[in-house]
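Structure first, then comments.
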Amino acid sequence: MNTALEIHDLTVAFDRKPVLWNIDLTIPQGKLVGIVGPNGAGKSTLIKAAMGILPLSSGYVKLYDQPLEHVRERVSYVPQRESVDWDFPASVMDVVLMGRYAKLGLFKRPRKADKDVAMDCLKKVGMEGFINRQISQLSGGQQQRTFLARALAQQADLYFMDEPFAGVDAATEKAIVTLLREMTNQNKTVIVVHHDLQSVSQYFDWIVMLNTRLVASGPTETTFTSENLEATYGGKLTLLTDVADLMRREDYPSREENVFKP
Amino acid sequence: MNDLYIILTATLVSASCALLGCFLILRRMAMVGDAISHAVLPGIVIAFLLSGSRDSVTMLLGAGIIGMFTTFLIEFFHKKARLQTDASIGVTFTWLFAIGVVMISLFAGKVDLDQDCVLYGEIAYVPLDVIITQGGVNIGPKALYVSGIILLVTLLFIFLAYRKLFLTTFDPAFASAIGISTTLWHYALMGAVSMTTVASFESVGAILVVALLIAPAATAYLLTDNFKTMLGLACLAGTISSITGYYLAVWLDGSIAGAIATMSGMLFGIAMIFSPAHGLFFRKIKAEAH
Ligand SMILES: Nc1ncnc2c1ncn2[C@@H]1O[C@H](COP(=O)(O)OP(=O)(O)OP(=O)(O)O)[C@@H](O)[C@H]1O
Ligand SMILES: [Mg+2]
């Protein structure tokens with residue numbers, strides 16, 4: 001199977017203080033991948049390092065067996081929603097069109113075709129009624145969907161999403177997961193930072209468990225175990241009892257075969 | 001004719017400042033504009049001493065270099081010494097500005113620059129420094145041409161780099177993710193701010209140029225939710241301040257630059273009260289209607 005992402009011996013430090021240590025992992029193509037870990041575990045940092053936004057202290061990252069510079073147009077990124085100023089004078093359409101900037105030449109302006117793509121992506125996330133809405137007048141979940149539409153507009157093959165479900169209602173979350181599932185069925189790879197452990201087994205084929213160091217990375221069925229959860233989240237007792245519940249309910253219907261049959 | 005020259009120069013200067021100011025305030029860098037406008041002083045003096053003239057090109061270069069250096073120092077203190085941004089701005093520009101002031105007083109005899117003119121500008125003298133062609137024809141004040149060229153350069157810069165500047169301002173992380181260098185555009189913008197500041201120096205001075213950088217942009221920010229409209233409105237606010245400011249100064253027989261800055265502050269106040277979206281007035285009416 002082809003690998004979408006390969007990270008080798010990655011260390012990232014702020015002020016010489018490492019926040020990610022010796023990360024080694026590979027992620028196969030066409031998977032819906034979850035990254036879990038406690039606050040401050042380095043999930044956002046891992047994504048930013050993979051996208052070349054942060055300098056690496058050591059190690060390398062390869063996407064589709066190539067360095068990032070060669071495949072940048074095939075990679076897309078959804079930042080954490082709080083990372084931007086939503087009072088910015090821009091409309092929903094302005095933001096989604098940013099997803100097309102990489103495809104435009106240096107000085108070309110967006111054409112009708114780009115607007116059509118943007119419109120299509122807004123429809124996919126159910127935001128077609130808000131095209132001209134000022135972004136400061138969106139709810140948190142609508143802002144999140146706008147970011148998602150911008151990433152879709154890039155028409156990439158590999159997507160990094162930092163907490164795309166934060167502040168999104170349950171129905172929208174389901175709809176977005178369905179959308180992501182459709183994308184992975186077209187052999188695209190989607191990597192999602194996720195906090196809700198309850199839904200992990202239901203959503204993801206592959207799980208990366210992180211706490212400064214890599215605890216585990218592998219297919220969800222075999223990797224999302226209580227031992228690994230304990231290693232990731234430490235001995236937080238209340239959490240672990242919840243986790244025991246989680247494990248017991250694991251014989252949930254497994255994803256695509258049953259839920260997303262056309 | 002002199003009135004017209006002064007008003008035109010002020011308008012051109014304030015339009016360049018207003019355009020760049022829009023980016024500065026959205027990047028939360030209003031005070032960086034302030035810092036640059038002060039810190040370029042030693043650059044101007046050095047350029048002066050080296051070239052021995054008030055040749056604009058040398059001055060623009062000198063100031064451009066110091067402006068970049070200021071930007072670099074601010075980043076450096078912030079990133080490497082972990083100083084808060086406001087503190088690193090405060091340290092950097094006061095220090096450079098002080099050096100400039102010392103240099104002016106040291107070289108007062110050799111340099112045709114005095115502190116008042118640097119601090120408060122001398123826009124009233126704009127019509128005196130004219131360009132005479134070889135044929136002996138007076139083609140108008142030099143400051144008018146300098147500020148016109150700076151406005152053209154600023155417009156060209158924003159027109160060509162519009163999307164890069166827009167994206168690196170709104171979402172730098174996403175910009176670098178799609179391969180747009182945030183550092184490059186940060187320095188390009190600061191370079192443009194430095195040039196504009198210096199070009200405005202002779203007319204409005206180091207202190208008031210900050211008012212032109214920030215006030216019209218802030219006024220426009222209150223009046224619209226569309227970035228392109230904001231750029232246009234900021235220019236308009238700058239133009240109105242220049243025209244009304246000039247006549248206010250004539251009427252009061254006071255400082256022209258001061259009056260222009262005062263008018264830009266007044267416009268901001270009016271926008272603050274009457275802005276349809278954020279204004280105090282309409283908010284009150286809406287509240288009462290409910
Ligand atoms: N710019 C920065 N400067 C210094 N330290 C930082 C910086 N950004 C993150 N860190 C540190 O790096 C560590 C990892 O941060 P990161 O944002 O990757 O965590 P995370 O797993 O995404 O957490 P969350 O679940 O809260 O989003 C944290 O301990 C944080 O304090
Ligand atoms: Mg995070």
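The values are calculated or read from the model by the stated rules, or taken from the named source; none is laboratory data. If you're wondering where the values come from, they're calculated on a predicted model, not measured in any experiment. Neighbour counts are summed over all protein chains in view; Cβ atoms, including those assigned to glycine, are modelled from backbone coordinates with ideal geometry. To get the accessible areas, we keep the full protein, side chains included, count just its heavy atoms, and leave off ligands, DNA and RNA. Shrake-Rupley method; radii C 1.70, N 1.55, O 1.52, S 1.80 Å.
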Just wondering, is there one or more residues in the range A:64-85 that are surrounded by 17 or more Cβ atoms within 10 Å (Cβ to Cβ), without any contact (Cβ under 8 Å) to a residue 60 or more places away in the chain, within 16 Å of ligand 1 (Cβ to nearest atom) and within 30 Å of A:S201 (Cβ to Cβ)? no
Scanning the range A:158-173 for residues that are part of a loop (DSSP other than H, G, I, E, B) and either closer than 19 Å to A:L122 by Cβ or away from every other protein chain (no Cβ under 14 Å) (or both) gives A:P164, A:F165, A:A166, A:G167, A:V168, A:D169
Only one residue in A:G40, A:G52, A:G34 is under 22 Å from A:V168 (Cα atoms) and in a loop (DSSP other than H, G, I, E, B), so which one is that? A:G40
Quick one: B:G179 ticks every box in (1) more than 14 Å from chain A (Cβ to nearest Cβ); (2) not in a helix (DSSP H, G or I) bar one, so which box is it? (1)
Considering residues of the range A:15-45 that are within 14 Å of chain B (Cβ to nearest Cβ) and within 17 Å of A:D162 (Cβ to Cβ) only, the residue farthest from ligand 2 (Cβ to nearest atom): A:T45
Within the range B:21-77, which residues are on the phi > 0 side of the Ramachandran plot and charged (D, E, K, R)? B:R28
Across the range A:49-68, what is the total count of residues that are within 12 Å of chain B (Cβ to nearest Cβ) and within 18 Å of A:P18 (Cβ to Cβ)? 5
Conditions (1) within 14 Å of chain B (Cβ to nearest Cβ); (2) acidic (D, E); (3) more than 9 Å from ligand 1 (Cβ to nearest atom); number of the one not met by A:D9: (1)
Here the residues within the range B:7-57 that are β-branched (V, I, T) and open to solvent by less than 10 Å² (accessible area, probe 1.4 Å) are B:T9, B:V13, B:I36, B:V40, B:I44, B:V45
Might you check whether a residue that is under 21 Å from A:D85 (Cβ atoms), in contact with a helix residue (DSSP H, G or I) (Cβ under 6 Å, 6 or more places away or on another chain), within 9 Å of chain A (Cβ to nearest Cβ) and not charged (D, E, K, R) occurs anywhere in the range B:152-166? no
All but one of (1) more than 16 Å from ligand 2 (Cβ to nearest atom); (2) open to solvent by 70 Å² or more (accessible area, probe 1.4 Å); (3) in contact with a strand residue (DSSP E or B) (Cβ under 9 Å, 6 or more places away or on another chain) hold for A:G59; state the number of the condition that does not hold. (2)
Could you tell me how many of the residues in the range A:150-164 are open to solvent by 10 Å² or more (accessible area, probe 1.4 Å) and either more than 16 Å from ligand 2 (Cβ to nearest atom) or within 21 Å of A:M93 (Cβ to Cβ) (or both)? 3
Exactly one of (1) within 30 Å of A:S76 (Cα to Cα); (2) among the polar types (S, T, N, Q); (3) surrounded by fewer than 19 Cβ atoms within 10 Å (Cβ to Cβ) is unmet by B:T133. Its number? (1)
In the range A:173-213, the residues that are away from ligand 1 (no atom under 13 Å from the Cβ), of a type in the set (S, T, N, Q) and open to solvent by 20 Å² or more (accessible area, probe 1.4 Å): A:T178, A:N185, A:Q186, A:N187, A:Q198, A:S201, A:Q202
Which of the residues that make up the range B:141-163 are hydroxyl-bearing (S, T, Y) and open to solvent by less than 30 Å² (accessible area, probe 1.4 Å)? B:S147, B:T154
Across the range A:1-14, the tally of residues that are in contact with a strand residue (DSSP E or B) (Cβ under 9 Å, 6 or more places away or on another chain) and within 16 Å of ligand 2 (Cβ to nearest atom) stands at 1
Pairs, first within 10 Å of A:N211 (Cβ to Cβ) in the range A:29-47, second open to solvent by 20 Å² or more (accessible area, probe 1.4 Å) and near ligand 1 (Cβ under 6 Å from one of its atoms), C-beta under 7 Å, six or more apart: A:G42/A:V19
Restricting the range A:86-98 to residues that are open to solvent by 10 Å² or more (accessible area, probe 1.4 Å) and more than 8 Å from chain B (Cβ to nearest Cβ), the one nearest to B:A220 (Cα to Cα) turns out to be A:D87
What are the residues in the range A:75-99 that are modelled with pLDDT of 90 or more and either in a helix (DSSP H, G or I) or on the phi > 0 side of the Ramachandran plot (or both), if any? A:V92, A:M93, A:D94, A:V95, A:V96, A:L97, A:M98, A:G99
